[in-house]
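Here, each number is a calculation from the coordinates, and none is a lab measurement. Values in this document were obtained by computation on a predicted structure and should not be read as measured data. As a convention, Cβ positions derive from the backbone with ideal geometry for all residues, glycine included, and neighbour counts pool all protein chains shown.
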Amino acid sequence: MRVMGRRIGAQVMLSVLLSVALLDVALVLPGCSSANRVAYEATATTHVTVQEAMKGWNLWVGQGKATVAQEQAVKNAFQRWQKAMLVVCDAGALEAAAAQTNMGTGGTAGFGAALQQAVANAAREQADLVALMGSFGVKLPGS
C-alpha cells in the first residue's frame, strides 16, 4: 500500500509541474485575455489543494490505515482529476493559439468558454477527490 501512495505523490508533482508549465506558456503569449488569467489562477489553486490532499493521503497510507479498495478509489479519482487537468492544458493552448491568429477579431470566444468549462470540470474532480479522502477519515488541510 505504501508504494502506491508514493507513486501517486510522484505523479502529483509531475502533473503539477507539467500543467503549470503549459499554462505559463499559454499566458505569456500575446493576446491572452483576462479569462485565461482567471483560469490559470483557479487551476493553480486546484493544484495546491490536490498536492496538499495527496500529502495527507500519503501519510494515511504510510500509517497502514487505507484499505486496498480505498487506495483504488483514490487512485481512480486522482486519475480523473489528472485527465481533467490535461483538458485544461489543451483548452488553454487552443485559446492561446486562437488569440494569436485571431487577434482582436473576437474569434476566440468559443475557446475561452471551453477553457472556463475545463477549469470548472477540473475543480469538480478536485472536490470529488478531496471529499473521497475526507470520507475515509484522512486529515486534510483546512479541516
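Just add up the charged neighbours of residue 53: K/R +1, D/E -1, any other residue whose Cβ is under 13 Å from the Cβ of residue 53. If you can, show how the numbers build up before the last one.
Working: positive: 55, 139; negative: 52, 125, 128.
Net local charge, residue 53 excluded: -1.
Within 10 Å of each candidate Cβ there may be at most 14 other Cβ atoms; applying that plus a DSSP loop requirement, which trypsin sites (Lys or Arg not before Pro) in the range 54-87 survive? All intermediate terms of the calculation are to be shown ahead of the outcome.
Working: sites: 55, 65, 75, 80, 83; in loops: 65.
Listed in order of number, the matching sites are 65.
What's the exposure ranking of 95, 71, 52, going from fewest to most Cβ atoms within 10 Å? Each step should come with its number before you reach the end.
Values: 95 29, 71 19, 52 15.
Ascending number of Cβ neighbours within 10 Å: 52, 71, 95.
Rank these for me by crowding, 59, 140, 115, going from fewest to most other beta carbons within 10 Å. Kindly include the intermediate steps, with their values, before the conclusion.
Details: 59 13, 140 17, 115 30.
Result, fewest neighbours first: 59, 140, 115.
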